[in-house]
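First up is the structure itself, then whatever we jot down about it.
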Amino acid sequence: MKLYDQLSIEEFDYMIAVSSLHIFSRTSNCTSTLRSVSFYAIPVKIEKRLKSLGGNFLKKDYLLNEWHCVYLASELKEEPQQVFVLGERVVIYRTKTEVHAFKDLCIHRGAALSLGKVKNGMLVCPYHAWEYNTAGECEKIPALPSGKAIPSKAKATVYRCIEHIGFIWVNIGEDPAPLVAFPEYDQDEYRTVAIGPYDVKANAPRIVENFLDIAHLMFVHEGMLGDADHAEIPVFDINFTDGRFITSEILLYQPNPDGRSSEGYSNYVYEILSPMTARFKKKAQDSNNEFSFFITVVQEKEEQTKVFMLHSRNFELDQPDEPYTKFTDILLKQDIEIIESQKPELLPLDLQEEMHLKSDAISIAYRRWLKKLGVETGII
């Protein structure tokens, strides 16, 4: 008997989903339709069943072990909030001392815990008021007769959660990768402000690659970050060191590099910190003014992402942030219009699928890295 003959319809769909980005989904009448999938969170019961039948199709996405930025730390209060990570529904909340994340599902009747409340440090389900401690253990079931022991199975699924550089980060994997760093956040000589988040109808790799793309500055952001008469990209190097990619300095002419309408040349240095996180630092050629920009993207669902950013500067520290945040908002909206128009929506890792130039060296390095790491989300 063949493997797929032993599977239920649901098990068959999950098996195919985790083995390919383009899947044939079997329907109840055994017909098949082609649909595109970028990630799947496999139910434990089905994962165990597939493993018991053998096969090597249960390779998990590298991104499961990555930290994902999901919320502005300043906006997370005690009230629980629902977020999505790689298609998984997650609830985050704050207690007096820490931030926490659970699978947004009550074990009793499947209600969303994010609709509940935090009471004396306990997360209370909105449906039958089961109370979960920060370890996910249920400590109170109102309907349970007095003196009756709470079943040991009454637990919520707990995810790692941390507050870091002004954001709430969640990790839903079993072997967490290191957190990305942004040193300027804690340095007194820099002023750092969070920008966003932005909701984008696109997959995360397309957004990160756009951030790393130099040649679009002269056209998508003409009159600000670039000029069509200065479109040539100088030769630069890109190397992998200390767990991230970093370029040499790239000198670019910019009519309005930071919103203050002061034209000139800037030296850019780009870094790819993780599959979903990148940054650049640029320094004016004729001054010590330095501007850093950090972007991280969480893939919430297929073609649904949220973009978080940090802007840091070592000048005008006592001046309002609004001119800089407004300037960035204009730039991001220009980028989003292009990103949401791109086809295919999934980023091709086969370099033969799209044309590449020497000026695309950062993008090429990024695509090769995603392939090497085994990233499955948002790529083809």
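Bear in mind these aren't lab numbers, they're just calculated from the coordinates by the rules spelled out. Small disclaimer: the values here were computed from a predicted structure and weren't measured. Here the Cβ positions follow ideal geometry from the backbone for every residue, glycine too, while neighbour counts run over all protein chains shown.
Structural remarks
- Dimensions (Å) - the range 65-163, Cα atoms, principal axes, largest first: 42, 27, 20
- Cα-only Debye scattering, the range 233-289: base-10 log of I(q)/I(0) at q = 0.14, 0.22, 0.31 Å⁻¹: -0.43, -0.87, -1.20
- Placing a label point 7 Å from the Cα of Glu222 along the Cα-to-Cβ direction, the residues of the range 324-352 whose backbone N falls under 19 Å from that point are 330-339.
- The reciprocal of the average 1/r between distinct C-alpha atoms defines the Kirkwood hydrodynamic radius, which for the range 197-320 equals 15.5 Å.
- Where N is the number of residues in the range 117-192, Cα Rg divided by 2.2 N^0.38 Å: 1.61
- Translational diffusion of the range 95-222, µm² s⁻¹ [Kirkwood Rh, Cα pairs; Stokes-Einstein; 10 °C; 1.306 mPa s]: 86 µm²/s
- Loop-located chymotrypsin sites (Phe, Trp or Tyr not before Pro) in the range 160-229, at most 11 other Cβ atoms within 10 Å (DSSP): none
- Sorted from longest to shortest, the spans of the Cα atoms of the range 334-380 along the three principal axes equal 30, 26, 17 Å.
- Distance in nm between pseudo-label sites at Asp229 and Ala181 (7 Å out along the Cβ direction from Cα): 4.3 nm
- DSSP-defined antiparallel bridges as percent of all bridges, the range 252-380, nearest 5: 95 percent
- Stokes-Einstein, applied to the Kirkwood radius of the range 231-380 over Cα pairs at a viscosity of 0.692 mPa s and 37 °C, places its translational diffusion at 192 µm² s⁻¹.
- Cα-based radius of gyration of the range 176-221 once divided by 2.2 N^0.38 Å, which approximates compact folds: 1.55
- Prolate is the label for the range 251-340, because a/c, from the alpha-carbon gyration tensor with a ≥ b ≥ c as root eigenvalues, is 1.5 or above and a/b exceeds b/c.
- What separates the Cα centres of the range 230-267 and the range 69-99 is a distance of 35 Å.
- Checking every one of the trypsin sites (Lys or Arg not before Pro) in the range 199-283 against DSSP loop status and a limit of 11 other Cβ atoms within 10 Å picks out Lys201.
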